[in-house]
1. Return yes when Ala132 is surrounded by fewer than 20 Cβ atoms within 10 Å (Cβ to Cβ), in contact with a Phe, Trp or Tyr (Cβ under 9 Å, 6 or more places away or on another chain) and either within 24 Å of Leu167 (Cα to Cα) or not polar (S, T, N, Q) (or both) and no when it is not.
2. Any residue at all in region 108-126 that's at pLDDT below 80, in a helix (DSSP H, G or I), more than 15 Å from the chain's Cα centre (by Cα) and farther than 19 Å from Arg21 by Cβ?
Amino acid sequence: MTDLERTYRDEGPRLLNWIKRRLGVNEDPEDLLQDLFARAVEFMDAADPVDNLVSWMYVSARNTLVDIWRERKKQPVSFDTDLLEITPENLLAESVEPGPEEMFRRIEAMEALEEALDDLPDGQREVFLLQAVDGYTFSETAELLDLSINTVMSRKRYAVARLRERLGDYKDAVERQEE
């Protein structure tokens with residue numbers, strides 16, 4: 001069994017879930033995963049092969065997602081005017097879904113979190129996402145990134161401190177708006 005086959009078997013489902021949580025509903029995570037493994041085949045045959053395939057896959061997936069997110073920001077937002085009509089279906093949907101103020105706050109919070117994550121140094125961001133979002137242990141993260149456990153722990157500690165500092169300012173601003 002080749003490294004690529006082993007990686008697909010062992011990390012494919014976890015990588016797919018990682019992509020799904022970040023991608024959204026407009027794109028197909030399975031297609032993205034397939035494209036990543038197709039690119040990995042090209043890099044495996046290259047003159048300078050990849051040392052840590054799993055780490056390369058996650059970095060490549062993250063870079064692809066960043067490109068997708070940037071494209072989304074460029075696209076105009078469409079608005080469905082049918083939702084403005086008062087019908088029993090729309091009233092029922094409104095009673096289950098959060099109101100516009102809550103949706104706005106959620107979107108603002110996600111944007112603030114994305115900005116705070118983007119401001120982290122690459123190493124800290126990568127460790128934080130693998131740990132906090134994907135659920136990797138410190139030893140798994142260290143192995144994936146080919147780092148010592150102490151380095152991984154340090155990077156996560158600094159990432160959490162920076163995020164708390166950055167998002168604490170956001171939290172204070174939200175609380176002032178609510179008053």
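The values are calculated or read from the model by the stated rules, or taken from the named source; none is laboratory data. As the structure is a prediction and not an experimental result, all values here were calculated from the model. Here Cβ is always computed from backbone atoms with ideal geometry, including for glycine, and neighbour counts include all displayed protein chains.
1. No: the conditions fail for Ala132.
2. Scanning region 108-126 turns up at least one residue that is at pLDDT below 80, in a helix (DSSP H, G or I), more than 15 Å from the chain's Cα centre (by Cα) and farther than 19 Å from Arg21 by Cβ.
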